[in-house]
Amino acid sequence: MPTPQEPAAPRIPSAEPSLARRILQLAWPVLIAQLSSMTQMVSDTVLTGRYGTEDLAAVAVGSGIYIAIAMLMVGILQAVAPTVAHHVGAGRHEAIGPDLQQGFWLALLLTVPAVLFLRHPDCLMQLSHMSPAVEAKSRDYLSTIAWGLPAVLLYRTFYAFANALGRTRVLMLISLAATSVHIPLSWLLINGHAGFAPLGGTGCAASSATIAWFALGCAMLYLLRNPAYARYRLFTRWQAPRPAALAELLRLGLPMGFSSFVEITAFTLIALFVAELGAAVVAGHRIVANLSALIYMLPLALATATLVLVGQSAGARDDVRARQAAWCGILLATGLSTTVSVLVWLVRDRVVAAYTTDPAVGTLADALILYICLYQFFDAIQTVAAHALRGYKITFGPMLVHTLCFWGIGLAGGYLLAFRGIGPFPPQGVAGFWQASVLSNIAAATLFGTYLYRIARLKRPAEDAAVRQKIPYRTEKS
């Protein structure tokens, strides 16, 4: 906590060790949970890649569409996190249970259009000229995994709630348990062992839907049996849907969900656009996109922890600590992400060899890895800054930034670079999309960094007035 004599001049606060430790304490279980979930995707890629290139391409297309739709809905439900975090910071414990219940109602409402879209994905399928075999397998994948989406959305509501309370270890344990079930089950279903018929890529979808319900069951059992949650009366005073509460969650959540949708589709739509270049190109892109998502889990975990601390501090009207948490999160994320990108570049050949035995796919993937290493520093800045703004309950502006950078520069610019060329640059093929991704992350980091700095400046008046009057600056405690 800054002393009353702290200079009022704007600056980036130094990261106090206790705050850095708190971010890391919240982030490491989230990171393991996310890496565990990503391990499921990696295993699906590896297992289907060894089963057949067409199945790998189908999983690339199908999972890309699924993740885009799921993350759109999950992003909306993430409104529960800043809402609960503000309640925690302000000491409004009686309001936490009712808002979580409204989050569950919202999850059920969002399930209906999401499942319908997954079972009828014609509008997205028409964006690409893929082979009939790949399209048929992609449709089977989506129809199967749709049955697990209701459980996914309910679980992710619990996920946001647990994050906001700072109880992240349970998320790690549930994710590890789910992964331990998913990998062997996928292997059985893909290859047709232990009496199962071989399902190929559709086996991944069947396994994913199964473990979604498994994870939800674990979460509900945890909430019911853990006495730490008794004070919130999560299930003893169940409320019907309240339009005002749902509207507030949607006000926060719709921009968050659309931001997530933009970020995800900026990568997943690439698989549809490049499908006409052949299954080998789609598979190579899938490997690198998978690896990029895996690396992204580190700044995302730190960003999630930063959102919680910013939200709790903002709820307690402790703007100094909220600002320090935001900058501390950015410093940690940029340093660690840069280190990871260097390590990945050094072992890139071994990484690609673990994904595929197809020489054409491996060569393409090895060439594309350079681009994800280039933008890690900027990706960390934009990720943490965007989440810090969400901690302040600012979501609409960040949505506009995401749309401009990731659809305008990344996707539209990537399409031009890939297929038409820009100025003196000839068509680059799939590499054009990755080149545009580097530019989009640089732009997003610049805009989000500036946005967060301006918001932090606006939160200083009470502190600055206290400094000018030489009186202690006090904040409301939770």
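The values are calculated or read from the model by the stated rules, or taken from the named source; none is laboratory data. Predicted model only: the values in this text are computed from it and were never measured. Here the Cβ positions follow ideal geometry from the backbone for every residue, glycine too, while neighbour counts run over all protein chains shown.
Below, the figures for the structure above:
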item: Residues that are assigned to a loop (DSSP other than H, G, I, E, B) and either in contact (Cβ under 8 Å) with a residue 60 or more places away in the chain or loosely packed, with under 11 Cβ neighbours inside 10 Å (or both), drawn from the range 231-249; result: ARG233, LEU234, THR236, ARG237, TRP238, GLN239, ALA240, PRO241, ARG242
item: Out of ALA412, ALA380, ALA360, ALA385, sole residue that is of a type outside the set (S, T, N, Q) and modelled with pLDDT of 95 or more; result: ALA385
item: Only one of GLY103, GLY64 that is modelled with pLDDT under 90 and not acidic (Asp, Glu); result: GLY64
item: Any pair with Cβ under 6 angstrom, 6 or more apart, that starts in the range 296-322 at a residue that is within 19 Å of PRO29 (Cβ to Cβ) and ends at one that is among the basic types (Lys, Arg) and at pLDDT 90 or above; result: LEU307/ARG390
item: Which listed residue, of ILE145, ILE211, ILE183, ILE174, is modelled with pLDDT of 90 or more, under 24 Å from GLY311 (Cβ atoms) and of a type outside the set (Lys, Arg); result: ILE174
item: Boolean, VAL88 is of a type in the set (A, V, I, L, M, F, W, C) and within 22 Å of the chain's Cα centre (by Cα); result: no
item: Residue in the range 42-56 that is at pLDDT 80 or above and at positive phi present; result: no
item: Selection within the range 85-118 - of a type in the set (D, E, K, R) and surrounded by 13 or more Cβ atoms within 10 Å (Cβ to Cβ); result: ARG92, ASP99
item: Residues located in the range 279-332, provided they are closer than 27 Å to GLY91 by Cα and of a type in the set (Ser, Thr, Tyr); result: THR304, THR306, SER313
item: Failed item, numbered, when GLY195 is tested on (1) assigned to a loop (DSSP other than H, G, I, E, B); (2) buried (at least 19 other Cβ atoms within 10 Å of the Cβ); result: (2)
item: Enumeration of residues in the range 386-406 that are within 27 Å of GLY284 (Cα to Cα) and either buried (at least 19 other Cβ atoms within 10 Å of the Cβ) or in contact with a strand residue (DSSP E or B) (Cβ under 6 Å, 6 or more places away or on another chain) (or both); result: HIS402, CYS405, PHE406
item: Tally, over the range 410-428, of residues that are more than 20 Å from the chain's Cα centre (by Cα) and assigned to a helix (DSSP H, G or I); result: 9
item: Residue check for GLY201: over 30 Å from GLY97 (Cα atoms), among the small types (Gly, Ala, Ser) and in contact with a Lys or Arg (Cβ under 6 Å, 6 or more places away or on another chain); result: yes
item: Residue among ALA164, ALA228, ALA219, ALA160 that alone is within 21 Å of the chain's Cα centre (by Cα), surrounded by fewer than 23 Cβ atoms within 10 Å (Cβ to Cβ) and under 26 Å from GLN25 (Cβ atoms); result: ALA219
item: Tabulated pairs, the range 180-197, first of a type outside the set (A, V, I, L, M), second surrounded by fewer than 19 Cβ atoms within 10 Å (Cβ to Cβ), C-beta under 6 angstrom, 6+ apart or interchain; result: ASN191/PRO198; GLY192/PRO198; PHE196/LEU188
item: Residue under evaluation ARG21, criteria (1) crowded, with 16+ Cβ neighbours inside 10 Å; (2) modelled with pLDDT of 85 or more, criterion not met; result: (1)
item: Scan of the range 224-279 for residues that are more than 17 Å from VAL84 (Cα to Cα) and of a type in the set (D, E, K, R), ordered by number; result: ARG225, ARG237, GLU263, GLU276
item: Residues of the range 307-320 satisfying the condition of being of a type outside the set (S, T, N, Q), in a helix (DSSP H, G or I) and out of contact with any Leu (no Cβ under 8 Å at 6 or more places or on another chain); result: LEU307, VAL310, GLY311, ALA314, GLY315, ASP319, VAL320
item: Hey, ARG323 farther than 24 Å from LEU416 by Cα and charged (D, E, K, R) or not; result: yes
item: Verdict on ALA151 being under 20 Å from the mean Cα position of the chain (by Cα), in a helix (DSSP H, G or I) and crowded, with 23+ Cβ neighbours inside 10 Å; result: no
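Per-residue answers, yes or no, for (1) at pLDDT 90 or above; (2) closer than 21 Å to LEU452 by Cβ; (3) among the acidic types (Asp, Glu); (4) not in a loop (DSSP other than H, G, I, E, B):
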site: ALA283; (1), (2), (3), (4): no, no, no, yes
site: SER292; (1), (2), (3), (4): no, no, no, yes
site: PRO299; (1), (2), (3), (4): yes, yes, no, yes
site: ALA305; (1), (2), (3), (4): yes, yes, no, yes
site: THR338; (1), (2), (3), (4): no, yes, no, yes
site: TRP345; (1), (2), (3), (4): no, no, no, yes
